[in-house]
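Asks: Below you will find the structure I want to go over with you.
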Amino acid sequence: MNSSIIDRSVIEQLVRGALRQTGSSSSAPATAAAARVANPAGWVDGKPNLRVSISARHCHLTDEHVETLFGPGAVLVPEKDLYQDGFYAAQQTVMVVGPRRRMLGSVRVLGPTRPFSQVELALTDSISLGIDAPVRHSGQIDGTPGCVLVGPVGSVQLDQGVIRAARHVHMNLSDCDYYDVKNGDMMQLKITSPDCSVSFEDVLVRADKAAKLEVHIDTDEGNACNLDAATEVVLKKSGCGCQK
Ligand SMILES: [Zn+2]
């Protein structure tokens, strides 16, 4: 595939924010297990500060693929830091091409680079691309569909790696104590929003000592509950018996 098929002006029109972030105050129930560690990352006034963010379609690239797509010696250029320390939206975008030349322009690259390349889409994106992307936890891409990535210099054929990222919550160990959960557990997220409140089940806990409390949902999920207009967000351990 030749990169000359890219119409830069069209691509620019299609540029979307890589990550629309909505800060919301935590209304999690206090529990006896609440950790009282001094100033855990992301805490405000001695409590977790729950944030729910929409993760728009994006991709992760290997160092090798960055050079193939953007030229020899190319590296990702950070444009905007994400809430999680050390992660960023890069200046670079790629075109994602599916079967029958259906394509998504200007898919943001997130950094830093990874040992494998991966494309994360919402269901609506995967339908428009004509790829039946399964819901997977990030990094679990065995047997998933592939695609072609096109950059300004070259293109890459991915044999696998197109997924819909499972909804998940990043948290550190103090957050885990507070909510009485551990890595791999499932939680429930209730979003109260005018005329379209939604309760999300199956919110996967991704615990890391360096993480800050943040739920990631995709654009379809964020649109379903009109996250920008949400008046309350509540995160709970699934099956804790305290659900109304
Ligand atoms: Zn995430």
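Asks: Given the conditions (1) out of contact with any Cys (no Cβ under 6 Å at 6 or more places or on another chain); (2) in contact (Cβ under 8 Å) with a residue 40 or more places away in the chain, report the number of the one that SER128 does not fulfil.
Replies: The one condition SER128 does not meet is (2).
Asks: Which numbered condition trips up ARG101, out of (1) within 26 Å of LYS212 (Cα to Cα); (2) of a type outside the set (A, V, I, L, M); (3) not assigned by TED's automatic domain parsing to the domain that holds TYR178?
Replies: Status for ARG101: all satisfied but (1).
Asks: Separate question: Take the residues in the range 51-64 that are more than 14 Å from the ligand (Cβ to nearest atom) and surrounded by fewer than 23 Cβ atoms within 10 Å (Cβ to Cβ), then tell me which one is nearest to PHE116 (Cα to Cα).
Replies: THR62
Asks: Something else now. Just a yes or no: is a residue in the range 157-166 more than 14 Å from the chain's Cα centre (by Cα), buried (at least 19 other Cβ atoms within 10 Å of the Cβ), within 16 Å of the ligand (Cβ to nearest atom) and outside any strand (DSSP E or B)?
Replies: The answer is no; no qualifying residue exists.
Asks: For the range 36-98, please list each of the strands (runs of 3 or more DSSP E) lying entirely inside it that holds at least 1 residues being among the charged types (D, E, K, R) and in contact with a strand residue (DSSP E or B) (Cβ under 9 Å, 6 or more places away or on another chain).
Replies: Hits in the range 36-98: 51-55, 78-81.
The values are calculated or read from the model by the stated rules, or taken from the named source; none is laboratory data. All values derive from a computational prediction rather than experimental measurement. Here Cβ is always computed from backbone atoms with ideal geometry, including for glycine, and neighbour counts include all displayed protein chains.
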